[in-house]
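For reference, the structure is listed below as structure tokens.
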Amino acid sequence: MNPKVLFAGLFHETHTFLEGRTTLSDFEIRRGEKMLACTGDSSPMGGALEFAEDAGWEILPTVDYRAVPSGTVTDEVVESFWSDFKSGWNADIDAIFIVLHGAMVSESYLDVEGEILKRIRNLRNALGLPVFGVYDLHANFTPAMATHGSALLAYRENPHADARESAVRAAELLERCLDSGEMPRMTLQPTGLIWPPTATGTADDPMAALEHRARQLEHSKRGIWAINVTAGFAFADTPDTGVSFQTISTEHVSQAEKILREMGERAKNLNVEVKSSDLLPEDVMPQLAEPVEGLTVLVEPSDNIGAGAPGDGTGCLRLLIDVGIENSAVAINDPVAVQELAGLEIGASCSVAIGGKGSSFDRGALRLDVELVSRSKGEFELEDKQSHLASLGGDRFSMGPCAVVKYQGVTILLTSNRTPPFDLGQWRSQGIDPVKLNVIVVKAAVAHRRAYDPITARSFTVDTPGPCSSDLSRFEYSHAQR
């Protein structure tokens, strides 16, 4: 008989140092059969559902919650998800497949994923079921997740070009479990190391070296199904924040622990290479004043939308204006400014306060006399279906109502929804070709590189005021074990 597999998704990366709360209205929610609409798309859920369909599994969809990274989640979200999940629960199933982020924090739960997995195990007939799934490389993996999950597989690339592929790999492991009758278990090794997002790209050390060794060890014994290298999410203040490793294994626990000890020691030895390379604006200004042929990218990790920042920081915008860069561009998330421009005719000018509204770290709004170039609904199809953005939303993304304005030589794309800058379709949908620009600001840490590196002549990572600074000494941790 075809196995019955229950599917669910809970995806949010929580920045606990941000002001404000992430509420139910911030989540995109698909319940029951509506989940199946994403089958085959570029998201992890889409990949897992497509595998299940091809494998002939009987799919029981429950609920899928997704939101862009942001501040602490309200308990209402957790309880709403749980209510939806229980409503779709069927005790007559063979397995559970769940798509997680792994760094979700609510008002009452520092480990939302661990809490949900524990609750699942307490449901009727769930204690001995295979619980498989996939999670983001930037999870803060917890003992509860290891205890209550049978096999949760991490992405292996940052930028997350393999998010969908990782979900398919996790589904393949579940099929192995169902076919063989073997039930793997997870063993966790925390390290106590907390690395900023700028240090977690998998093309460079320390992550490149750790991923390479993990793959070697993974193939050393048949009983080692997978080894996860988890970078952690530095902006979530929890007891489990930071770098960790897990094995998914049917080997004796002593063998798993031996492997994990080695990985932990390697991480600590590589920790000396984790240094911030962010430059102060005053150090970047003279270099910007000397133009080069091709595109210059100003990376602004302190306002990294992909890590929860509001995306309205004015640090690099001020830098472009101060240096007087012609043919430059920056995207600012500012629905208030978009609304103020709603009644203006294309080509007309007015004074608008731009940015500086979402974080106390920023210097505040910058009032500029701008010309309105265009406006749109802000919807675009991803050019790269394997981009980091695809791991969140699938094939399409909505920036919400948008307005494009110009101030002197600077083009400013104003959005109404925070849009991680991981796909060039964001610009081209607005009639702007990033290849033809002299300078562009990217509010990210690493995940932008898949899209921007191929068109970049040079890049500077700029240390501006913002809630996602690479200098972690600026944050007061109370729960993290540092």
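Computed from the coordinates by the stated procedures, all read-outs in this text should not be read as laboratory data. Computed from a prediction, not measured in an experiment: that's the story for all the values here. Heads up, the Cβs are rebuilt from the backbone with ideal geometry, glycines too, and the neighbour counts pull from every protein chain shown.
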Grab the other residues whose beta carbon is less than 10 angstrom from that of Ser470, score K and R as +1, D and E as -1, and report the net.
-1
Treating every alpha carbon of the chain as one equal point scatterer without solvent, the Debye formula yields log10 I(q)/I(0) values at q = 0.06 Å⁻¹ of -0.26
How many percent of the alpha carbon pairs in region 196-288 exceed a separation of 17 Å?
57
Where does the charge balance sit around Ala444 when Lys and Arg score +1, Asp and Glu -1, over other residues with C-beta under 10 Å from its C-beta?
0
Trypsin sites (Lys or Arg not before Pro) within region 241-295: which are DSSP loop residues with at most 16 other Cβ atoms inside 10 Å?
Lys275
Distance histogram for region 242-381 (every C-alpha pair counted, 10 angstrom bins, percent rounded to whole numbers)
9, 26, 26, 16, 12, 9, 2, 0
Enter the Cα centre distance for the pair region 165-188 and region 367-405, rounded to the nearest angstrom.
37
Among the GluC sites (Glu not before Pro) in region 212-283, which ones are in a DSSP loop with at most 10 other Cβ atoms within 10 Å of the Cβ? Mind listing them?
none
Test of understanding: ordering His12, His219 by Cβ neighbours within 10 Å, fewest first, what list do you get?
His219, His12
Measure of compaction for region 150-248 (Cα Rg per 2.2 N^0.38 Å)
1.11
Can you sort Val336, Val410, Val441 by how many other beta carbons sit within 10 Å, fewest first?
Val336, Val410, Val441
Taking placed amide H atoms and a strict 5 Å upper bound, the residues 5 or more places from Ala329 or on another chain that come that close are Thr411, Val439, Ile440, Val441
So what does the Cα-only Debye profile of region 281-472 read at q = 0.10, 0.11, 0.14 Å⁻¹, as log10 I(q)/I(0), no solvent term?
-0.35, -0.43, -0.72
Among Arg176, Arg418, what is the fewest-to-most ranking by other Cβ atoms within 10 Å?
Arg176, Arg418
With N set to the number of residues, divide the alpha-carbon radius of gyration of region 4-273 by 2.2 N^0.38 Å and report two decimals.
0.94
Unit charges on C-beta of K, R, D, E only; dipole of the chain, Debye
660
What are the ³J(HN,Hα) values, in whole Hz, obtained from phi via the Karplus relation 6.51 cos²θ - 1.76 cosθ + 1.60 with θ = phi - 60°, for each residue of region 341-351 in sequence order, with x given for Gly and Pro?
8, 4, x, 7, 6, 4, x, 7, 10, 7, 9
Starting at the first residue of region 434-448, write each ³J(HN,Hα) from the Karplus equation 6.51 cos²θ - 1.76 cosθ + 1.60 with θ = phi - 60°, in whole Hz, x for Gly and Pro.
x, 5, 8, 8, 7, 9, 9, 9, 10, 8, 7, 10, 10, 4, 6
Two-decimal Rg/Rh of region 27-134 from alpha-carbon positions, Kirkwood Rh?
0.94
Between region 409-482 and region 270-338, the alpha-carbon center distance in angstrom
7
For region 82-183, what size does the Cα cloud have along each of its three principal axes, sorted from largest down, in whole Å?
39, 38, 23
Lysine pair number, Cα distance threshold 30 Å (strictly under), region 4-273, separation 8 or more or different chains:
12
